[in-house]
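Each value in this text was obtained by applying a stated rule to the coordinates, not by laboratory testing. Just so it is clear, the structure is predicted and the values come from calculations on it, not from any experiment. A quick note on method: Cβ atoms are made from the backbone with ideal geometry, for glycine too, and the neighbour counts reach across all protein chains shown.
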2 protein chains.
Amino acid sequence: MREGKQEFAEWLASRKLRVTGERMAVLDEVMRANGHIDIDYLQEQFRKQKRPVSRATIYRTLSHLVQSGLVQKVLTGEGQARYEKMYGRQHHDHMICLGCGEIIEFTNDEIERLQDWVCHKKRFTIVTHTLQIKGFCEKCSAQKASVEGGATDHRRHGRN
Amino acid sequence: MREGKQEFAEWLASRKLRVTGERMAVLDEVMRANGHIDIDYLQEQFRKQKRPVSRATIYRTLSHLVQSGLVQKVLTGEGQARYEKMYGRQHHDHMICLGCGEIIEFTNDEIERLQDWVCHKKRFTIVTHTLQIKGFCEKCSAQKASVEGGATDHRRHGRN
DNA sequence: ACAGATATCGAGACTCAATCTCAACACAAG
DNA sequence: CTTGTGTTGAGATTGAGTCTCGATATCTGT
Ligand SMILES: [Mn+2]
Ligand SMILES: [Mn+2]
Ligand SMILES: [Zn+2]
Ligand SMILES: [Zn+2]
């Protein structure tokens, strides 16, 4: 049986929601994918499999998957939201490359601890947090360095 | 002279852009505001002052202000983007209350240091970072606790 | 297995923030 | 004044995400 299928079915049942083929198909695809995927990717997969699922249903199912905790929604601030499986995985934060778009995951327990501490001081009850670091991955940093080697080019740094 | 006016004028000139009344009006309003404001707020201010500025111009000018570093764009992930002045201020992160929408600012040098360290280990060149903690402020935490005092209500925790 | 009650699906309309288009305008330089 | 170029605003456009509602699939009891 596919990863998380049991858990999602139980979560749906606990809310008196129905276990449908479309919902399980969306679950399967997110679980099969390794990275941070978007809606277009999912629609493309369903098209290939000759098992089309409407955008509305994909969005609705992803919302359920996120609420169930099996999937996480990632807002990069450019274009569509991305989704990644969280079933069997632990919390992590993201480094996003402005050059190639690669998303690098990392965790740091000390940072997490300090967040809790800061919130405790401010009497703030944490529900979730998002730490995104934007910059350039090793590969893109090297490229950038070589390009800027001759004439120092200060144009196009930010992106709106 | 209004805060940042000199700096913005110089930044515009350095890009061969013109110092116009509309641009300075947008700068003034963002500098005058104390909090994290959105486009609707700015339009309302201009309407009150009988000095209307079009949405297009507001967006375009904010983009320039962000690129110049005088203003920061804050994406909360719900509705419009927000903007806050950064002129004369230092970097900070945000706690966002899911109850009342309040935005609490905080800084923690140790967290910043650890971010640098993690990125160094991954050979990632930092450009910017965003740390947002979502949860409930002191006031809203108390309200929530009293409401849930009797029957434990597990509905409606997330939002989308 | 069957039937009724009800949740779900899909196509497309719709919302809304943000961007784009382009004609009228402003302004600096000659 | 005239020309060249940057700017503005009204409205059109884009695009992600949501909503509507008639048709359809799932569940529950018999
Ligand atoms: Mn991830
Ligand atoms: Mn702030
Ligand atoms: Zn890269
Ligand atoms: Zn609050």
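Tabulated values for the structure
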quantity	calculated
Spin-label proximity, A:Lys122 to the stretch B:106-147 - amide N less than 17 Å from point 7 Å beyond Cα toward beta carbon	B:106-113, B:129-142
All lysines inside 22 Å of A:Lys50 as judged from Cα atoms, apart from same-chain residues fewer than 8 positions distant	A:Lys5
Teacher prompt: B:Glu105 distances to equivalent labels in other copies, 7 Å Cα→Cβ, nm	3.4
Label 7 Å beyond Cα on the Cβ vector: B:Leu75 copy-to-copy distances, nm	0.8
Cys residues of chain A counted as unpaired, since no other Cys beta-carbon is under 4.7 Å	A:Cys100, A:Cys119, A:Cys140
Listed residues A:Ser54, A:Ser68, B:Gly35: farthest to the positive end of the dipole of the protein assembly as shown (Cβ charges)	A:Ser54
Karplus 3J(HN,Hα) series, Hz, for the stretch B:123-130 with 6.51 cos²θ - 1.76 cosθ + 1.60 (x for Gly, Pro)	6, 10, 8, 5, 10, 8, 8, 9
Rounded Å value of the spacing that divides the Cα centres of the stretch A:94-121 and the stretch B:13-33	34 Å
Check: the protein assembly as shown dipole with +1 on Lys, Arg Cβ and -1 on Asp, Glu Cβ, in debye	1160 debye
Over 15 Å [Cα-Cα, the stretch A:1-88], rounded percent	54 percent
Calculated label separations, B:Arg123, copies of the chain, 7 Å along the beta-carbon direction, nm	4.9
For B:Thr76, residues with placed amide H under 5 Å, excluding near neighbours	B:Arg82
Space enclosed by the convex hull of the alpha-carbon atoms of the stretch B:6-45, per residue, Å³	79 Å³
Per-pair calculated FRET efficiency, R0 = 35 Å: B:Leu75 and A:Glu7 via Cβ, rounded to 0.05	0.65
Among the listed pairs B:Lys48/B:Lys139; A:Lys122/B:Lys121; A:Lys144/B:Lys122, those beyond 24 Å (Cα-Cα)	B:Lys48/B:Lys139; A:Lys122/B:Lys121
Sequence-separation-based contact order of chain B, relative, with Cα cut under 8 Å and 6+ spacing, percent	17 percent
Kirkwood Rh (inverse of mean 1/r, distinct Cα pairs), chain A, angstrom	18.4 Å
Sequence-distant aspartates and glutamates (8 or more away, or on other chains) whose Cα lies within less than 19 Å of B:Lys85	B:Glu3, B:Glu7, B:Glu10, B:Glu22, B:Asp28, B:Glu29, B:Asp38, B:Asp40, B:Glu44, B:Asp93, B:Glu102, B:Glu105
